[in-house]
Each structure stands twice: as structure tokens, then as C-alpha cells.
Amino acid sequence: MKSTGNTILITGGGSGIGEALAHRLHDLGNTVIIAGRRLEVLQQSAAGRANIVPVQFDADSTDSIEAFARQVVADHPALNVLVNNAGVMRFEDVTARRDLADAEATITTNLLGPIRLINALIDHLRQQPDAAIINTTSGLAFVPLLITPTYNATKAALHSYTVSLREVLKGSVEVIELAPPAVQTDLTPGQSTREGYQPLDDYADEVISLLTTSPTPAEVLVKRVLFLRNAEKENRYAQTLATLNSH
């Protein structure tokens with residue numbers, strides 16, 4: 001992926017990892033479109049940055065995604081990079097019958113959302129020079145946190161989907177996976193200050209250093225996520241599962 005001169009769309013770009021990457025990619029000389037549900041949050045994130053464009057977006061609605069894709073291509077015909085970053089993480093108790101609203105919402109946002117948006121934009125992206133798709137998964141795609149089973153499952157599914165996309169689109173669209181470790185964001189209550197999680201700025205700086213290497217890695221993996229990503233390969237999966245869930 002080239003590091004400058006892109007027009008980049010980032011979903012979930014108003015806070016957390018999405019916002020941090022939007023600012024850094026903007027500073028490299030890219031036009032960045034940040035999309036999310038809360039326009040006022042997006043506007044705050046874009047303040048003072050002429051080439052960050054806030055756009056309201058509902059990742060949960062098929063019709064909304066299709067309309068959004070048509071509009072963003074009309075307004076930004078140079079769009080060549082899609083970053084699927086919007087996501088939700090809900091704690092779940094699966095030991096008894098329950099309301100599945102949280103599980104279903106997680107699947108809709110984390111898995112169907114990226115699939116639908118890729119589908120809506122793929123014809124356009126395949127016609128663009130230096131086109132790329134970046135899907136944000138998680139270290140939990142590889143070793144699950146037991147209190148977030150549906151979240152883990154959506155990220156594992158998106159990992160697999162990304163592998164397939166990479167092979168199918170080889171030569172026309174570069175496909176990159178971004179798999180974060182536990183990062184200090186507002187994804188869950190109290191997470192932004194949780195001890196042991198990677199500070200957001202440190203994470204974003206490390207990601208940008210990897211994204212701007214040549215060639216760009218197919219999987220952008222900061223050092224802290226290797227504990228999870230390599231657990232099976234290094235024959236320590238059971239130990240890693242127990243360690244992760246002991247805290």
C-alpha cells in the first residue's frame with residue numbers, strides 16, 4: 001500500500017483506533033473520509049484538518065450502506081483505500097438461555113457490515129490505481145476471550161474472509177489484515193485506562209510504521225499481538241488460552 005496520495009475511507013473513524021489512524025494517515029498526505037454513526041464526534045475528530053472529511057454512516061443497515069457507498073464514490077471519485085474498522089464488543093454469559101440481541105448486533109456490525117461495504121465498493125475499487133482494503137480483526141480471532149464469544153467469532157470469520165479476498169483480488173486490490181491486541185480505547189467500559197493494555201498512541205505509531213514498509217505486510221501485527229497470533233504455530237495454544245482468560 002502506498003503511504004501518501006490516497007483517498008482513504010475509515011469506518012469507525014471518530015474514536016479509538018480509527019481516529020488515531022485517520023490522524024496519522026492524514027498527516028502523511030492522504031485525504032481521509034471518516035465515517036460513523038455520530039456526526040458530532042466525527043466533526044470533532046476532523047477539526048482543524050482540512051483533508052479529513054466526516055460522513056455519517058450506519059454500518060447495520062444494508063440500504064444505508066448501499067446509499068452511502070454511492071454517495072461517497074460520487075463525492076470522492078479518487079477513493080482507493082477502504083479501512084473496515086467499525087466494531088462493537090459485548091460481554092456475554094452463554095451458560096444459560098438469554099436474549100441474543102447483543103450477539104446478533106455484534107455479527108451485523110463486525111461481520112456483515114464489512115462484507116456489505118466491500119460488496120458495495122468493490123467494482124469502484126477494482127478500477128482504481130493502488131487500491132487496497134484493510135480489515136480490522138483482532139488478536140482474539142486467534143485465541144478467544146471467553147466472555148466475548150460472539151466478538152471473537154466475528155473477528156475469526158473476518159480473518160478467514162480477508163484471506164479469501166486477498167487471493168481472489170490478487171493483482172487488482174491489495175488486501176491487508178490489521179489484528180490489534182488489547183488497546184486502550186473505549187471499546188468496552190473502563191478499557192481506555194485498563195492496566196496492561198497497549199496505549200493507543202503507541203499502537204497507532206507501530207501500525208503506521210508497518211503500513212509504510214515496502215512491501216506492506218499482508219497481516220499488520222504489532223509486537224504485542226504476536227502472543228495470540230502465534231500461539232497455535234508455537235504449540236502453546238492451551239497455555240495461551242488459559243493465560244488470556246485468567247485475568
For region 1-54 and region 210-234, distance of Cα centres in Å: 23 Å
Nearest-0.05 FRET efficiency for L39 and N230, computed from C-beta distance (R0 45 Å): 0.65
Amide N proximity, region 190-217 versus T243 label position 7 Å along Cα-to-Cβ, cut-off under 16 Å: 196-198
Neighbourhood charge, 10 Å Cβ-Cβ cut-off, centred on V88 and excluding it, Lys, Arg +1 and Asp, Glu -1: -1
Amide proton proximity set for V83, modelled H, under 5 Å, gap of 5+: L9, I10, T11, I134
Simple label model, 7 Å out from Cα along Cβ direction - T213 to Q191, nm: 2.6 nm
Residue-wise HN-Hα coupling along region 224-234, computed from phi with Karplus coefficients 6.51, -1.76, 1.60 (Hz; x: Gly, Pro): 5, 8, 5, 4, 8, 4, 9, 4, 5, 4, 8
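Name the helices (complete DSSP H segments) of the chain with a Cα length along the long axis of 24 Å or more and a Kyte-Doolittle mean of at least -1.0, or state none.
What comes out of the filter, once short or polar helices are dropped, is 149-168.
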The chain - Debye-derived log10 I(q)/I(0), Cα point model, q = 0.07, 0.08, 0.13 Å⁻¹: -0.22, -0.29, -0.79
Tail fraction, Cα-Cα pairs, region 1-115, threshold 21 Å, whole percent: 39 percent
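Taken together, the values in this text are just the output of simple stated rules run on the coordinates, not laboratory data. These figures come from a predicted structure and were not determined experimentally. Every residue, glycine as well, gets a Cβ built from its backbone with ideal geometry; the counts of neighbours run over all protein chains shown.
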